[in-house]
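Comments concern the structure below.
The values are calculated or read from the model by the stated rules, or taken from the named source; none is laboratory data. All of these numbers come straight from a predicted model, not from anything done at the bench. Here the Cβ positions follow ideal geometry from the backbone for every residue, glycine too, while neighbour counts run over all protein chains shown. Surface areas here come from the heavy atoms of the whole protein model, side chains and all, with no ligands, DNA or RNA. Shrake-Rupley method; radii C 1.70, N 1.55, O 1.52, S 1.80 Å.
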Amino acid sequence: MVHADLKIICRETKPTDDLTALEEISLACAKFNGAQYFSKEELQENVNYLEQRIADKKAHPEKYKPRKKNSPSYYTALVAEVDGKIVGYTVRHKLSETEKIVPEAKTELDAFYVHPEYQKKGVGFKLWQATIEKLQQQGETVMQLAVAAQGPEDENGKRKPGNINAIQFYKRQGCLFLDKTRQFKSDTGLPESKICVQQCLLKRFDR
């Protein structure tokens, strides 16, 4: 449900946007609830990466120009604004054949963040709707995504629950949880037991 006091505008990014705001939102989310599904080491690795990227963007904005839309690696971002301030965003990209979970999928949702101060106020729901509408306009009927469904192993070798809030949100949106997982490598050599596990999901929608 959208908070009655908020006027939320969802749109694609523009060349004039300061996209540092996206990393700042990701950083705020990581610090707010990342401990639920990251180990201390993995969370610190993620925070360090985001802080370095924010600093680099501020120091060298010319390095971060939007890519051309015909680029094979083109990513599309939608942002949510409240009173002219970017408070959330999604990022999606076109899938190669080797990336597809199911053959009919053409797009993957890579990132979905809402600043902690604006969570549970309808921003995430509006962003989700806007993302689906964009894909429907392109004639697509399915989108794949992933969520941190298991945290790192505890001292007994059992993995902790993942991003519960995100899991519940995706379930409410009718996403299908698939029997496939992803576990990414650490840039700093963390063992797999310290890396969270992502569960693959699928969202189907009619035009």
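Considering only residues that are open to solvent by less than 60 Å² (accessible area, probe 1.4 Å) and more than 21 Å from residue 158 (Cβ to Cβ), which ones fall in the stretch 169-188?
169, 170, 173, 174, 175, 178 - these are the residues of the stretch 169-188 that are open to solvent by less than 60 Å² (accessible area, probe 1.4 Å) and more than 21 Å from residue 158 (Cβ to Cβ).
Check the stretch 140-149 and report whether any residue there is open to solvent by 30 Å² or more (accessible area, probe 1.4 Å) and either charged (D, E, K, R) or in a strand (DSSP E or B) (or both).
No, the stretch 140-149 has no match at all.
Test residue 162 against the stated conditions and say whether it is touching a His at 6+ places or on another chain (Cβ under 6 Å) and surrounded by 15 or more Cβ atoms within 10 Å (Cβ to Cβ).
Answer is no for this residue.
From the list 75, 113, pick out the single residue that is open to solvent by 30 Å² or more (accessible area, probe 1.4 Å), modelled with pLDDT under 90 and touching a strand residue (DSSP E or B) at 6+ places or on another chain (Cβ under 7 Å).
75
Considering only residues that are more than 21 Å from residue 45 (Cα to Cα) and modelled with pLDDT under 90, which ones fall in the stretch 186-207?
The answer is 206, 207.
Which residues, taken from the stretch 190-207, are over 30 Å from residue 125 (Cα atoms) and open to solvent by 60 Å² or more (accessible area, probe 1.4 Å)?
Selection gives 191, 192, 194.
For (1) within 15 Å of the chain's Cα centre (by Cα); (2) closer than 26 Å to residue 22 by Cβ, each residue gets a yes or a no:
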position: 127; (1), (2): yes, yes
position: 157; (1), (2): no, no
position: 162; (1), (2): yes, yes
position: 173; (1), (2): no, yes
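Residue check: is residue 106 free of Cβ contacts under 8 Å to residues at least 24 places away in the same chain, surrounded by 14 or more Cβ atoms within 10 Å (Cβ to Cβ) and of a type in the set (Lys, Arg)?
no
This table checks each residue for (1) modelled with pLDDT of 90 or more; (2) assigned to a strand (DSSP E or B); (3) within 23 Å of residue 119 (Cβ to Cβ).
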position: 16; (1), (2), (3): no, no, no
position: 46; (1), (2), (3): yes, no, yes
position: 54; (1), (2), (3): yes, no, yes
position: 90; (1), (2), (3): yes, yes, yes
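So which residues in the stretch 171-201 are assigned to a strand (DSSP E or B) and either among the hydroxyl-bearing types (Ser, Thr, Tyr) or without any contact (Cβ under 8 Å) to a residue 40 or more places away in the chain (or both)?
176, 177, 179, 181, 182 - these are the residues of the stretch 171-201 that are assigned to a strand (DSSP E or B) and either among the hydroxyl-bearing types (Ser, Thr, Tyr) or without any contact (Cβ under 8 Å) to a residue 40 or more places away in the chain (or both).
Could you say whether any residue in the stretch 120-135 is touching a helix residue (DSSP H, G or I) at 6+ places or on another chain (Cβ under 9 Å), open to solvent by less than 30 Å² (accessible area, probe 1.4 Å) and in a helix (DSSP H, G or I)?
For the stretch 120-135, residues touching a helix residue (DSSP H, G or I) at 6+ places or on another chain (Cβ under 9 Å), open to solvent by less than 30 Å² (accessible area, probe 1.4 Å) and in a helix (DSSP H, G or I): present.
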